[in-house]
Amino acid sequence: MKWLQSREQRELVEQIKDSRLRLYRLAFAWCHDAGLADDLAQETLTRGLSRLDQLRDSARLMGWLFAILNRCWIDHLRGRREDFDDELLAELPSDLPGPDSHVERQETVSRVRTAIAALPLGQRQVVTLIDLEDFSYAEVAEILTIPIGTVMSRLCRARASLKELLLEPPVAQRHLRSVK
C-alpha cells in the first residue's frame, strides 16, 4: 500500500485486523488444531492486507476474508496431500471443567464440536459458514467457489448427520449389556 492511505483504506485495515478472532474461530472449526488455526488466521490477515487493492466492495470485506481463509486452508491440505472429502478428525479434547452450572453446557459444546468434526470437510465448511458465521447460501458459494446447489445439498446432509449424531445418547449415558 502507499505510504499515505486514504481514510477508507485505514478503516479497512483496522477492520481486517479486528477480524482475527472470527477468522481463527472458523479456521479452528475446520481444522480442530489451535496452532494451525492461528497460522491460517495469520496467513489470511497477511494475504488480505497485502491484497487490499483487490477488494472490490468494502461492504463484503468478511466474505472476501473468508474466501482467502478457504484458499489458505486448501493450500495447507494440498501441501499435506490429504483427500479433502475423506478427512475425519479425532475427538476434540474436552474443555477444562468450570463451575457445576457450566458442566452440562460444556458437555453439549463438546458433543457438538465432536459431531461437527466427524463431518466430511465440505459439509463442515458449509455448516460452519452458514450456521456459525451467518453467511447466505450465495455468499458461501462464492467463498468456497462452489455452485449454490452444492452448498444447499452439503448443508442438508450436514444437518441430517448432525441431527443423527446428536440424538444418540452420550457415551457416558449408554447402557452396556452383560455378555455371557
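Listed values, structure above:
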read-out	value
J(HN,Hα) series, the stretch 109-121, from Karplus relation 6.51 cos²θ - 1.76 cosθ + 1.60, nearest Hz, glycine and proline x	4, 5, 5, 5, 4, 5, 5, 5, 5, 7, 6, x, 3
Estimated vicinal HN-Hα couplings, Hz - the stretch 26-39 in sequence order (Karplus 6.51, -1.76, 1.60; Gly, Pro = x)	5, 4, 5, 4, 7, 10, 6, 9, 4, x, 5, 4, 5, 4
Radius 11 Å from Cβ of Leu36, net charge of other residues (Lys, Arg +1; Asp, Glu -1)	-3
Inter-probe distance in nm under a simple model that places probes 7 Å from Cα toward Cβ, at Ile74 and Thr46	2.0 nm
Length gained when the stretch Thr145-Gln9 is fully extended (0.36 nm per residue, less Cα-Cα span)	46.3 nm
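Throughout, read-outs are computed from the coordinates displayed, never taken from laboratory work. What you are looking at is a predicted structure, and each value in this text was computed from that prediction instead of being measured. Reconstructed Cβ throughout: ideal geometry from the backbone, glycine too, with neighbour counts over all protein chains shown.
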